[in-house]
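The values are calculated or read from the model by the stated rules, or taken from the named source; none is laboratory data. These figures come from a predicted structure and were not determined experimentally. Glycine also receives a Cβ, built like all others from the backbone with ideal geometry; neighbour counts cover every protein chain displayed. With ligands, DNA and RNA removed, areas are computed over all heavy atoms of the protein, side chains included. Shrake-Rupley method; radii C 1.70, N 1.55, O 1.52, S 1.80 Å.
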Amino acid sequence: MKLDSMYQEIILDHYRNPHHRGLREPFDAEVHHVNPTCGDEVTLRVKIVDDTVADVSYEGEGCSISQASASVMTDLVIGKSIGDAMALEREFLALMQSRGTVEPDEDVLEDAIAFAGVSKYPARVKCALLSWMAWKDATAQVVDSPAAGGGAAPEGSVPEQEKQA
Amino acid sequence: MTDLAGVPELDVELVRKDFPILDRMVHGDKPLVYLDSAATSQKPRAVLDAEREYYELHNANVHRGIHVLAEEATALYEAARDKVAAFVGAPDRHEVVFTKNSSEALNLVAYAFSNAAAHGPEAERFRLGPGDQVVVTEMEHHSNLVPWQMLCQRTGATLRWLGLTDDGRLDLSNLDEVVNERTKVVSMVHQSNILGTVNPVAAVAARAREVGALVVVDGSQSVPHLPVDVTALGVDFFAFTGHKMCGPTGIGVLWGRRELLEVMPPFLGGGEMIELVTMEASTYAPPPHRFEAGTPMISQAVGLGAAVDYLTGLAGGAGMAAVAAHEHALTEHALRRLAEVPGLRIIGPTDAVDRGGAISFLLAGKDGRAIHPHDVGQVLDEQGIAVRVGHHCARPVCLRYGVPATTRASFHLYTTTGEIDALVEGLAAVRRFFGA
């Protein structure tokens, strides 16, 4: 059945047992993002410590795709440098905008490769991206704020290269 | 409510033959089960033919030019106005203004109120300012809420609303308090697009008249499904849209009482809506042209006229009474069948009294956990069943009932009880799919 390409078992697992769910302290920024066409909502907090995504916590209502995506996203970005996490966001965005034409790299995207099938359903792409966009927005607010505890450089790509070197 | 007893029965299988799209297969070999008519209706061949014929034989701009085509196009466009006027019981064809859709029709009235400040004493009834009140209901589509919010922001007037009862009806217990001497305009939905509720417009209009307020009705979901007589309702303005009543997209209607339209400030300025123009100032054409700036939606109006003819001629001329009777039977069947689905909860009236065929619901899985409407809709779509999911442009209703979104199945003259049964089976498949 074609549905199985969207509702991969990994997605349903994350949906039933979401990781890192619930709003936690401490945090540097909190955002609320909505998907007005379907009513999905997410409230998301980030904590940045020394240029690293120390924690991402969230609470929200939404379909299995949006909820599972939030769970997978937190698994991927927590503990990463901002630069690495932003690179993952770009990679995931490219996958979701690919209409099923991109073969995802499991070494990079891990569980998020399960969303490749969702990219074939234009109406659902926004669901999968909701939490990623919220995380990116919240992180950007921390990075852009001069008073932020993170004190990260605005260009996330520089530390990323340092780390990989 | 219209008495539907003794109305000739609609032969739904015959009706379906008029709608080419209903023969379509989706996802390979699944027959289309279209249960999203509240979003937009399908179109009968007669409407498609009318638009094609207009372009193939008569296309020209209207109200200008003296050549044959221009005269034919004008006659067709204005004939559509006559048909629409008769269809909703308008006593005067000049009371029918063509707009783009219901939203534009409602905005037209809302902007008349704020434009009144720049007009003379004739526009007194449309003048609005701090201390004045505008009343809507909690079950409005955003198109009949946001324009009034914006109007209140522009003028300093206060927005108030009638609330909802737990069973999805309009709460009229404080009607006399909410609609009071300060109320200048009451704008309300006739039939809710999310709850299906048919509201007691005449009762609210009677109270509005007592306090001298104008009454605007959003009939987007009633005109396609019920016999509507704007005069009998006792209202001042009535908006509806063509595409939900088997007509094309891009054409809507504002009906308004002539004496009001004649003093109502215009909304959009431009060609066609003027009388005399100088570099300094202009005077305006009488209604309806005063409100139809620019080249209108000609082929769409012709298509809407064809839709009106089609609906009027159904069941040997029983027309909308037969449509209403058919949909009432469908709604009773659907409410009964949906009540059998485990974990299903209807948001809106659970009986078919004063209720149309748009049914919103929530579904829970075998583990009792809610299955999000988006997921419900996706699995139904896989089976060829088209429903709408989300907040249906009526987010305040979702907030009122504490739900993030709903799944909505909605019917029309071509819907069969078999399709409703397919929905019930489809929902069982949804519960199996998301069964833990």
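Dividing the convex hull volume of the alpha carbon atoms of the range B:1-84 by its residue count gives 183 Å³ per residue. Solvent-free Debye calculation, one equal scatterer per alpha-carbon of chain A: log10 I(q)/I(0) at 0.09, 0.19 Å⁻¹ equals -0.28, -1.20. Based on every Cα atom in the protein assembly as shown, Rg and the maximum pairwise Cα distance Dmax equal 27.0, 84 Å. As a length-normalised measure over Cα pairs under 8 Å and 6 or more apart, the relative contact order of the range B:182-263 settles at 25 percent. Ellipsoid semi-axes for the range A:1-57, based on the Cα gyration tensor and the rule √(5λ), read 28, 16, 10 Å when sorted largest first.
Under 5 Å between amide hydrogens, built in the peptide plane, is the criterion, and for residue B:344 it picks out B:364 among residues at least 5 positions away or on other chains. Could you give the Stokes-Einstein D for the range B:211-260 in µm² per second, using the C-alpha Kirkwood radius, 25 °C, 0.890 mPa s? The Stokes-Einstein estimate is 212 µm²/s. In the range B:184-261, the DSSP beta bridges split such that about 45 percent are antiparallel, to the nearest 5.
Extension gain for the segment residue B:55 to residue B:276, taken as residue separation times 0.36 nm less the Cα-Cα distance, is 76.4 nm to one decimal. Mean residue ellipticity at 222 nm, helices only, chain B: -10000 deg cm²/dmol; runs of at least 4 DSSP H residues each add -39,500 (n - 2.57), and the sum is divided by the number of residues. Mean sequence separation of contacting Cα pairs (under 8 Å, at least six apart), scaled by the length of chain B, corresponds to a relative contact order of 22 percent. Note on chain B: GNM, Cα springs under 10 Å; of B:41, B:282, B:222, the largest mean-square fluctuation is that of B:282.
Between A:83, B:413, B:347, the Cα set farthest toward the positive side of the dipole of the protein assembly as shown (charges on each charged residue's Cβ, about the Cα centre) is that of B:413. Projected onto its three principal axes, the C-alpha set of the range B:106-179 covers 45, 24, 18 Å, listed from the longest axis down. Accessible surface calculations at 1.4 Å, restricted to protein heavy atoms, place the protein assembly as shown at 40 Å² per residue. What a 1.4 Å probe finds exposed on chain A is 50% carbon and sulfur by accessible area, rounded to a whole percent. Chains B and A together bury roughly 1800 Å² of accessible area, counting both sides, with a 1.4 Å probe on protein heavy atoms only. Remark: relative contact order (chain A) = 28 percent; criterion is Cα-Cα distance under 8 angstrom and separation of 6 or more residues. Mean silhouette area of the range B:202-361, derived from the convex hull of its C-alpha atoms and averaged over all directions, reads 12.8 nm². Amide H contacts of residue B:187 (H built 1.01 Å from N, in plane; Pro and chain starts excluded): B:135, B:136, B:216 sit under 5 Å, all sequence-distant by 5 or more or on other chains.
Just going by the charge dipole of the range B:61-125, with Lys and Arg at +1 and Asp and Glu at -1 on Cβ, which of B:105, B:65, B:117 is farthest out on the positive end? Final value for the positive-end residue is B:105.
Of all beta bridges DSSP finds with both residues in the protein assembly as shown, what is the antiparallel percent, to the nearest 5? Taking every DSSP beta bridge with both residues in the protein assembly as shown, the antiparallel ones total about 70 percent. Cα centroids of the range B:282-305 and the range A:10-69: 50 Å apart. Each other residue within a Cβ distance under 14 Å of residue B:65 adds +1 if Lys or Arg and -1 if Asp or Glu, for a net charge of -2. Along its principal axes, the range B:337-436 has C-alpha extents of 38, 32, 22 angstrom, given from the largest down. For chain A, the residue among A:58, A:100, A:139 whose Cα projects farthest onto the positive side of the dipole built from Cβ charges is A:100. Enter the Cα centre distance for the pair the range B:350-366 and the range B:63-95, rounded to the nearest angstrom. Using only Cα atoms, the two centres lie 40 Å from each other. Could you calculate the FRET efficiency of residue B:181 with residue B:122 from 1/(1 + (r/R0)^6), where r is the beta carbon distance between them and R0 is 22 Å, rounded to 0.05? That pair, residue B:181 with residue B:122, gives E of 0.45.
Overall size of the range B:125-252 from C-alpha positions, given as principal axis extents largest first: 42, 31, 27 Å. If R0 is 25 Å, the Cβ-Cβ spacing of residue B:46 and residue B:232 corresponds to a FRET efficiency of close to 0.35.
Taking the accessible area of the range B:277-432, probe 1.4 Å, and keeping the other protein chains in place, the carbon and sulfur fraction comes to 54%. The distance from the alpha carbon centre of the range B:209-258 to that of the range B:6-41 is 25 Å, rounded to a whole number. Using Cβ point charges alone (K and R +1, D and E -1), the dipole size of the range A:1-146 about the Cα centre works out to roughly 560 debye. Working ranking of peptides B:398-409, B:339-350 by packing, defined as the average number of other Cβ atoms within 10 Å per residue, highest first, is B:398-409, B:339-350. Neighbouring Cβ atoms from other chains, within 10 Å of the Cβ of residues in B:400-406, number 3 on average.
Expressed as a fraction of 2.2 N^0.38 Å, the value expected for a compact globular protein of N residues, the C-alpha radius of gyration of chain B is 1.01. Note on chain A: with a GNM built from Cα contacts shorter than 10 Å, the maximum mean-square fluctuation among A:94, A:138, A:128 falls on A:94. Counting protein heavy atoms only, the range B:1-145 has 55 percent of its accessible area on carbon and sulfur, 1.4 angstrom probe.
Relative to the Cα centre, the charge distribution of the range B:65-118, modelled as +1 at Lys and Arg Cβ and -1 at Asp and Glu Cβ, gives a dipole magnitude of about 180 debye.
Rounded to the nearest 20 debye, the dipole size of chain B about its Cα centre is 1020 debye, using +1 on the Cβ of Lys and Arg and -1 on the Cβ of Asp and Glu.
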